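The values are calculated or read from the model by the stated rules, or taken from the named source; none is laboratory data. Not measured: the values here are computed from a predicted model. Because the Cβ atoms are built from the backbone with ideal geometry, glycine has one as well, and the counts that use them run over all protein chains shown.
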């Protein structure tokens, strides 16, 4: 029998600092800057200690993949999604609402302005996420499909 918790937890992680221009000239292909890589290595252990999740959903862009790779999390399930690149608040909400109800804790690795707008929507307070900022939000819902404005409580904000 599958157990469904009456609380869900979502961690939102914005990719670390990136180069201004990629070799290909596309935003999607931008790599992390040396500063971004160093920031991850500096805070990696702190983030690893906090990030106890069942699944990771990551934008398929180069800088989000690189951020996740350098974090070196013990991940049970990880998937990469083109639709998370440049996603709007409502696209991110729809994505979260489609998560199976038995998953209780997930990490979403993505981009601004979508992530800042999503956290602001969930906690009903304006938050602007910086590169490599991690926000933990507890949702008092039994199923992801019940996500709505102001349903979240900010539990942790690291940057």
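Just a few scattered comments:
- Output for the range 73-83, where each listed residue is within 12 Å of residue 56 (Cα to Cα) and in contact with a helix residue (DSSP H, G or I) (Cβ under 7 Å, 6 or more places away or on another chain): 73, 80
- In the range 60-77, the residues that are out of contact with any strand residue (DSSP E or B) (no Cβ under 6 Å at 6 or more places or on another chain) and either surrounded by fewer than 15 Cβ atoms within 10 Å (Cβ to Cβ) or over 15 Å from residue 16 (Cα atoms) (or both): 69, 72, 73, 74, 76
- Residues of the range 18-46 that turn out to be surrounded by fewer than 19 Cβ atoms within 10 Å (Cβ to Cβ), closer than 16 Å to residue 115 by Cβ and touching a helix residue (DSSP H, G or I) at 6+ places or on another chain (Cβ under 7 Å), as a count: 0
Residue-by-condition table, conditions (1) in a loop (DSSP other than H, G, I, E, B); (2) at pLDDT below 95; (3) farther than 25 Å from residue 92 by Cα:
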| position | (1), (2), (3) |
| --- | --- |
| 2 | yes, yes, yes |
| 6 | yes, yes, no |
| 11 | no, no, no |
| 23 | yes, yes, yes |
| 28 | no, yes, no |
| 35 | no, no, yes |
| 38 | no, no, yes |
| 48 | no, yes, no |
| 52 | yes, yes, no |
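- Qualifying residue in the range 78-100 (condition: crowded, with 21+ Cβ neighbours inside 10 Å and in a loop (DSSP other than H, G, I, E, B)): yes
- Selection of the range 105-126 for residues being in a loop (DSSP other than H, G, I, E, B) and crowded, with 17+ Cβ neighbours inside 10 Å yields only 111.
- Residues that are within 12 Å of the chain's Cα centre (by Cα) and either at pLDDT below 95 or assigned to a strand (DSSP E or B) (or both) within the range 127-155 comprise 134, 135, 136, 137, listed in sequence order.
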